[in-house]
Structures are given as C-alpha cells and as structure tokens.
Amino acid sequence: MCEYSRYPRGSEWRKWDLHIHSPLSILNNQFSRLENGEPNWELFLQKLESLDIAVLGITDYFTIEGYKIIKKFKEQGRLPNIDTILPNIEFRLKNIVSSRNGEEKRLNLHVIISDEVPVDDIEEHFLHDIHFSYEGDPQNRDERRKLKIT
C-alpha cells in the first residue's frame with residue numbers, strides 16, 4: 001500500500017512506545033512462562049496486538065535477542081497493528097547519578113537502531129565490538145569480556 005493513500009491527509013499523530021521489554025530481556029522477569037520455563041510468546045504477542053501503537057521499540061538489556069524473535073513473528077503475519085518495530089538495546093552503566101531529592105540511581109543508556117539495519121550488522125559491527133568488565137568473583141580481578149552471546 002502506498003504511504004500517500006494510507007495517510008491521505010498528510011502527517012498524522014500516531015502513538016510510539018520505544019521501551020517495551022521482551023520476555024528475553026535480562027533483569028526483567030515479570031513475563032509469564034510456560035511449564036517448560038520458556039517465555040509465553042503467545043500471551044506476549046496477544047498483548048502487543050491489543051495495543052494502539054504504530055511503532056514499537058523492543059528493548060533488551062545488552063542484546064537484541066527478543067527483537068529478533070518479534071521480528072520473525074511480524075514476518076509471519078503477527079502484529080498487523082504495528083507498522084514498525086525497532087531494536088532498542090538498553091545498557092546499565094556503572095555511573096550513579098543523583099536526583100533533585102538526593103536519591104541515587106544507576107544511569108541507563110538506550111541505543112535505538114533503524115529497522116533497516118540488518119541484525120547481523122548490529123551484532124557483528126556494534127554489540128560484539130563492545131567490551132565490559134564482568135564482576136564475577138569478589139576474590140579475583142574483574143574479567144574483561146566481549147558483549148557476545150556464546
């Protein structure tokens with residue numbers, strides 16, 4: 001369908017939500033699971049399909065694993081109500097900031113990438129080039145690792 005015929009009045013206000021965590025998002029465990037422990041993707045998809053939102057940012061901490069699955073569902077005909085799905089990678093930084101009331105919070109950084117950038121490029125030329133300090137054992141030095149799922 002031509003964009004001009006879809007929006008004959010020109011610009012229109014449409015809702016966007018660029019911060020929707022996927023069931024694969026580390027540190028975010030409010031999603032229902034099946035008996036085998038796998039995420040309940042059907043329930044998640046039904047919720048997304050009930051939304052009046054034109055553009056979604058599928059958010060995962062440090063990865064795009066959830067985005068890749070949601071993108072496949074969209075290619076299979078699910079989420080017809082959503083025009084565009086973008087990968088949103090959330091990083092929790094070690095920096096602490098203070099609010100006006102003095103409450104300290106960890107600083108988060110979001111990287112939202114165009115849906116036209118291939119998944120392989122996001123992983124190989126962005127995510128896998130990022131190094132982080134793994135604070136695993138308090139008795140030993142932190143390990144420096146690549147941000148790559150093995």
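The values are calculated or read from the model by the stated rules, or taken from the named source; none is laboratory data. All figures in this text were calculated on a predicted structure; none of them were measured in a lab. Glycine also receives a Cβ, built like all others from the backbone with ideal geometry; neighbour counts cover every protein chain displayed. Surface accessibility is based on the protein's heavy atoms, side chains included, excluding ligands, DNA and RNA. Shrake-Rupley method; radii C 1.70, N 1.55, O 1.52, S 1.80 Å.
Rounded to the nearest 20 debye, the dipole size of the chain about its Cα centre is 340 debye, using +1 on the Cβ of Lys and Arg and -1 on the Cβ of Asp and Glu. Would you mind checking the tilt of helix 65-75 against the longest principal axis of the Cα atoms of the chain, expressed as 0 to 90 degrees and rounded to 10? Between the helix axis and the principal axis of the chain, the angle is about 10 degrees. With all protein chains in place and a 1.4 Å probe, the accessible surface of the chain carries 49 percent carbon and sulfur. A probe of 1.4 angstrom, applied to the heavy atoms of all protein chains, finds Glu124 with accessible area near 90 square angstrom.
For the listed residue pairs Lys72/Lys146; Lys47/Lys94; Lys68/Lys94; Lys68/Lys146; Lys15/Lys105; Lys74/Lys105, the alpha carbons are over 31 angstrom apart in Lys47/Lys94; Lys74/Lys105. Per residue, the chain exposes 72 Å² of accessible surface when a 1.4 Å probe is rolled over the protein heavy atoms with every protein chain present.
The share of C-alpha pairs in the chain whose separation exceeds 18 Å stands at 66 percent.
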